[in-house]
Amino acid sequence: MKKRKLGIIGGSGLYDIKGLERPKWKKIKTAWGDPSGKILTALYKNEEFCFIPRHGKGHKINPTKINYRANIDALKRLGVTDIISVSAVGSLQEHLLPGTFVIIDQFIDRTFAREKTFFDEEIVAHVSMAKPTSSSLMKCCESALVKSKINYQTGGTYLVMEGPQFSSLAESKLYRTWKADVIGMTNMPEAKLAREAEIRYCTVAMVTDFDCWHPDHDEVDVPTVIKTLKLNALNAQNMIKEVIVTFKSFSAKNDPANDCLDVAVITDPKFRTKKTKNKLRIIAGRVLKN
């Protein structure tokens, strides 16, 4: 297994982690356009990692307009093998109070206006998403949350909606009947693209509010979300710092992302043009040599 390197995708609460060494914001060009912004490379306790602000600095990009393909490609160009995605979500369950962190193990993808694959021209690939997150990264995040004394739940289903509007009451009630735990707007197609890039992926969802289904709480609004986001930010930083220095100690030997393209690409090699193979060089060059 090649040398492991951590990438973090998240929001403004993670910009200002204390104790970083040699921080540098790098502009990365990809075959898929520009990522959300410059990518931070830095060391924390001698461990190198990368961080990309999902919505750009200042939260300027709405969920539908995020260039998810460029973000994943850019991280892989920098040598990232493992991604921790930190995401703000609404709760669909009574016991998941604002401030709770949920280590996600399943997704329901309800997005419909996004580019969801790298394999959209000439070369077709079908990766499995049965187990969309990395068990080793989940264990690492759980260990970090325990050490940081943060209230959390291991395992949960994240329903990803298109947005940018919040749910209707009817939608919110419907998603509860599906047994979804949290709802957000950003982790699809991010998780699917990470899998296509053979990058191990884990989501830590930070609950900011109850979705509008809850009869005893006001409708979701931005000031409420931001208030809880700020409270969550320090907890998220503490968790991430612990993950940076410990994730390599959690074995990723049997992760479903490992070499998953070996059994995914279906297009006959003789129909794979040089142009398309070159575009996919960073993502799938390992299996497109012929």
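Placing a label point 7 Å from the Cα of residue 162 along the Cα-to-Cβ direction, the residues of the stretch 49-64 with a backbone N closer than 16 Å are 62-64. Normalised by the number of residues in the stretch 6-287, the average gap of Cα pairs under 8 Å and 6 or more apart makes the relative contact order 26 percent. Amide H contacts under 5 Å for residue 108: 158, 159, 160, restricted to partners 5 or more places along the chain or on a different chain, H placed in the peptide plane at 1.01 Å from N. With a cut-off of 20 Å on the backbone N, the residues of the stretch 71-97 near the modelled label site 7 Å out from residue 245 along Cα-Cβ are 84.
Assuming R0 = 22 Å, can you tell me the calculated FRET efficiency for the pair residue 258 and residue 110, based on Cβ-Cβ distance, to the nearest 0.05?
Numbers: r = 28 Å, r/R0 = 1.29.
That pair, residue 258 with residue 110, gives E of 0.20.
With the simple model of a label 7 Å out from the Cα in the direction of the Cβ, residue 226 to residue 124 spans 4.7 nm.
For the chain, a Gaussian network of Cα nodes joined below 10 Å ranks 16, 268, 109 by mean-square fluctuation, and the top entry is 268.
Scoring 66-72, 91-97, 147-153 by mean Cβ neighbours within 10 Å over their residues and listing the highest first yields 66-72, 91-97, 147-153. Quick check: net charge around residue 92, other residues with Cβ under 12 Å of its Cβ, Lys/Arg +1 and Asp/Glu -1? Residues close to residue 92 contribute a combined charge of -2.
Summing Cβ point charges (Lys, Arg +1; Asp, Glu -1) relative to the Cα centre of the chain gives a dipole of roughly 1700 debye.
Put a dot 7 Å past the Cα of residue 117, heading toward its Cβ, do the same for residue 169, and the two dots end up 4.0 nm apart.
Between residue 18 and residue 267, the simple spin-label model (points 7 angstrom out along Cα→Cβ) gives 5.1 nm. In the chain, the calculated helix contribution to ellipticity at 222 nm averages -7500 deg cm²/dmol per residue, counting -39,500 (n - 2.57) for every DSSP H run with n ≥ 4.
Given the options 38, 179, 275, which has the most mean-square fluctuation in a GNM of the chain, springs set between C-alpha atoms less than 10 angstrom apart? Ranking 38, 179, 275 by mean-square fluctuation puts 275 first. Between 210, 271, 250, the Gaussian network model of the chain with springs among Cα atoms under 10 angstrom shows the greatest mean-square fluctuation at 271. Note on residue 154 and residue 274: the extension gain reaches 38.8 nm, defined as 0.36 nm multiplied by sequence separation minus the Cα-Cα distance. With R₀ set to 35 Å, the beta-carbon distance separating residue 179 from residue 61 gives a calculated FRET efficiency near 0.70.
Here, each number is a calculation from the coordinates, and none is a lab measurement. Please read these numbers as outputs of a predicted model, since none were measured by experiment. Neighbour counts are summed over all protein chains in view; Cβ atoms, including those assigned to glycine, are modelled from backbone coordinates with ideal geometry.
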